[in-house]
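Q: One structure, as structure tokens, below. Some questions next.
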Amino acid sequence: MTENKLSKEDCVTLLQDKYRSLIAEGETRYPRRSDFDEKEVVAIKAFLGPWPRALEVADIKPPRSDDKLQQKIEKRIRAKRRRTQEKIRRAESGNAETECTPAISADAKK
């Protein structure tokens, strides 16, 4: 099969067959890149994308949940708000220090 060009269906079949053989051998892991020839890995990634997505397309690995993505977005928003609040606090404390020192008026400079 590696002699000819592989199609998308061939890549899915390769992954599924390897997964079945791993289960038959008593292994409880997903197929790894190292389980395939370099040409097969290149074809799989070209047709199916990054390795985890390829396993999802082949129905070997459950798809990523959108919950993780949503949690990541919410975490970024919280971090951004914390940074913004910290900037505001620093700016306010900087203003408090300048308010204590007497300001030189424009008339005094002349």
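The values are calculated or read from the model by the stated rules, or taken from the named source; none is laboratory data. No experiment lies behind these values; they were computed from the predicted model shown. Here the Cβ is made from the backbone with ideal geometry for all residues, glycine too, and neighbour counts use every protein chain on show.
Q: Mind listing whichever residues of the stretch 38-51 are surrounded by 12 or more Cβ atoms within 10 Å (Cβ to Cβ) and either over 21 Å from Arg64 (Cα atoms) or touching a residue at least 12 places away in the same chain (Cβ under 8 Å) (or both)?
A: Answer for the stretch 38-51, where residues must be surrounded by 12 or more Cβ atoms within 10 Å (Cβ to Cβ) and either over 21 Å from Arg64 (Cα atoms) or touching a residue at least 12 places away in the same chain (Cβ under 8 Å) (or both): Lys39, Glu40, Val41, Val42, Ala43, Ile44, Phe47, Leu48, Trp51.
Q: Could you tell me how many of the residues in the stretch 57-88 are within 30 Å of Glu9 (Cβ to Cβ) and among the β-branched types (Val, Ile, Thr)? Please lay out each step first, then the result.
A: To start, the set of residues in the stretch 57-88 that are within 30 Å of Glu9 (Cβ to Cβ) comprises 57-66, 68-69.
Filter once more, so that each one left must be among the β-branched types (Val, Ile, Thr): 57, 60.
Selection size over the stretch 57-88: 2.
Q: Given Arg64, Arg29, Arg76, which one is without any contact (Cβ under 8 Å) to a residue 24 or more places away in the chain, among the basic types (Lys, Arg) and in a helix (DSSP H, G or I)? Even if it seems obvious, please write down each step before you answer.
A: Values: Arg64 fails: in a helix (DSSP H, G or I); Arg29 fails: in a helix (DSSP H, G or I).
After applying the criteria, what remains is Arg76.
Q: Name the pairs: first residue in the stretch 3-21 and aromatic (Phe, Trp, Tyr), second residue assigned to a helix (DSSP H, G or I), Cβ to Cβ under 9 Å, at least 6 apart or on different chains?
A: Note: pairs meeting the criteria are Tyr19/Leu55.
Q: Does Arg53 qualify as being assigned to a helix (DSSP H, G or I), assigned by TED's automatic domain parsing to the domain that holds Ser34 and within 18 Å of the chain's Cα centre (by Cα)? Spell out how you get there, then give the answer.
A: Working: assigned to a helix (DSSP H, G or I): yes; assigned by TED's automatic domain parsing to the domain that holds Ser34: yes; within 18 Å of the chain's Cα centre (by Cα): yes.
So Arg53 passes the test.
Q: Then there's this: Could you count how many residues in the stretch 52-71 are surrounded by fewer than 10 Cβ atoms within 10 Å (Cβ to Cβ) and farther than 30 Å from Lys5 by Cα? Working first, answer last.
A: We begin by selecting, within the stretch 52-71, every residue surrounded by fewer than 10 Cβ atoms within 10 Å (Cβ to Cβ); these are 62, 65-68.
Still in the list and also farther than 30 Å from Lys5 by Cα: 65-68.
Qualifying residue count for the region: 4.
Q: Separate question: Could you check how many residues of the stretch 21-36 are surrounded by 12 or more Cβ atoms within 10 Å (Cβ to Cβ) and either over 26 Å from the mean Cα position of the chain (by Cα) or over 19 Å from Pro62 (Cα atoms) (or both)?
A: Adding up the residues that qualify gives 4.
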